[in-house]
1. In the Gaussian network model of the chain, springs joining C-alpha atoms below 10 Å, which of 50, 178, 398 carries the largest mean-square fluctuation?
2. Sort 192, 338, 155 so that the residue with the fewest other Cβ atoms within 10 Å of its own Cβ comes first and the one with the most comes last.
3. For the chain, what is the mean residue ellipticity at 222 nm derived from helices alone (per DSSP H run of n ≥ 4: -39500 (n - 2.57); sum divided by total residues; nearest 500 deg cm²/dmol)?
4. How many nm separate the modelled label positions at residue 271 and residue 198, each set 7 Å beyond the Cα in the direction of the Cβ?
5. Length gain on complete extension for the stretch residue 155 to residue 366, per 0.36 nm per residue less the alpha carbon to alpha carbon distance?
6. What FRET efficiency comes out for the pair residue 88/residue 334, r = Cβ-Cβ distance, R0 = 35 Å, nearest 0.05?
7. Looking only at the chain, where both bridge partners belong to it, what percent of the DSSP beta bridges are antiparallel (to the nearest 5)?
8. Between the helical axis of 115-131 and the dominant principal axis of the chain, each derived from Cα atoms, what acute angle in degrees is found, rounded to the nearest 10?
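Read-outs throughout are calculated quantities, based only on the coordinates presented, and are distinct from any laboratory measurement. Predicted model, so just to flag it, every value in this text is computed and none were measured. We place every Cβ from the backbone using ideal geometry, glycine too, and count neighbours over all the protein chains shown.
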C-alpha cells in the first residue's frame, strides 16, 4: 500500500468464499472437503501472476492481494477469471462435484486507507455477491456500507420490537369469486417504529432470516394466530387460519411439538389452523418438509403452497406433499388479461390444481377484468385491493364478518410478508 501510494497505483483485495462447500463436507466427509480445497487453491494459483498473493484465511475462505494496478478493471478481470475457473467440475471420489464461489473486491486508496478496513470491505462485498445469487463478484461501495449499518440498526430495533410486543398483524380479506362473500384473510406483518417509522415486511424478513430473529418472530406470529383462532371460535365464528412458516422453522425437529403446544396454550383447535409454505421451503429439503408436514397434518392442521409457479415447481414432490391448496402468485395476475404469458400460466395453474383436487387463491387482484378471468376459469378465491387493503382484525370483523356466524371451512391466512 505504501508503494502504491508513492506510485499512484492501486491495491486490490479479493475475498472469495466457496459456494456449497458445506454440502460437499456433509455429503463426502472432511477428507474430500480438504481435497476440494487443494484443487481450488491450485486453480486459483494458475490464474494469478507470480507476484500476486493468495491465502486461505480459514474454512472455505480465500483472499487474493493484487498490487501495482493501474485501474479497477484489471482486478475485475482477474475476479472474473477466478470465478470461471472454479465453476468447472472437480473430480472427487471418482465422480464430478461442483462448487464455484462468490467474490468481493475492495481497493486502496479508493475504498480504504488501512489493511484491516480493506479486508473487511472485501468481505462485505463478497456477502453482497452471495446474496445476489452466488457465482458472481461485487465491488465494495459506500452505499453497501450504509446499507449494512442500516441493517444493524434495523436488527437492533426489531429485536426490541419483538421483546416489547409492538408488532401487529393486519388482515387482507379473501373473497369467494362467485358469491363475493369474505371467506378468509391473509395476515400481513405491520411494524411502526418510533425511530424508523413504518418498516416494510420486505425489509423485515430478510434481516430476521439473516440474524436468526426469524424464529422468535415466527413464534410470535404462530402464537398470535392461535389466539385469534380461539377468539373467533369463542365469538361463534370459528375460522381456519393458515400461518406462513419459514425455512428455518422447518429445520426445527420439534416443530410439530411447538405447534401442538401453541394450540394448547391458546385453546385453539388444530382443525382451524393451516400451514402455509412457499415452494422454495418445500422443495429445498423435500424429505424433511414432507416429514414435518405429515406430522402437522396428523395434528389436524391443513397445508397450503404459496407463490406456486415462482420457485422449483416440482410436480413429483407436489404430489407427495400433503397439500390441499395452491396460491397463484400476484406476479402472474399483474398482466391479466392483456399479457398472454400471464394468462397461459394462470390457466395452467388453475387446471393443474383442479386435476389434483386442490383449491386455489389468487393474490394481487386489483381490477374487475382480473376477477372476471378468475370467474371464467374457475378459481375459487381471490384477494387484493379490488376488494380491500389489509386492515386490523377488529375492523375486518366489524365490516365483513358481523353478519356471518358459524361460517364453515373459511381461510384466514397469516404470513410474515406479502
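1. Per the Cα network of the chain with a 10 Å cutoff, 50 tops the list.
2. Sorted ascending by nearby Cβ count, the order is 338, 192, 155.
3. -15000 deg cm²/dmol
4. Each label point is offset 7 Å from its Cα along the Cβ direction, giving 3.9 nm.
5. That pair, residue 155 and residue 366, stretches by 72.6 nm at full extension.
6. 0.35
7. Given both bridge residues lie in the chain, the antiparallel proportion sits at roughly 55 percent.
8. In the chain, helix 115-131 runs at an angle near 40 degrees to the longest axis.
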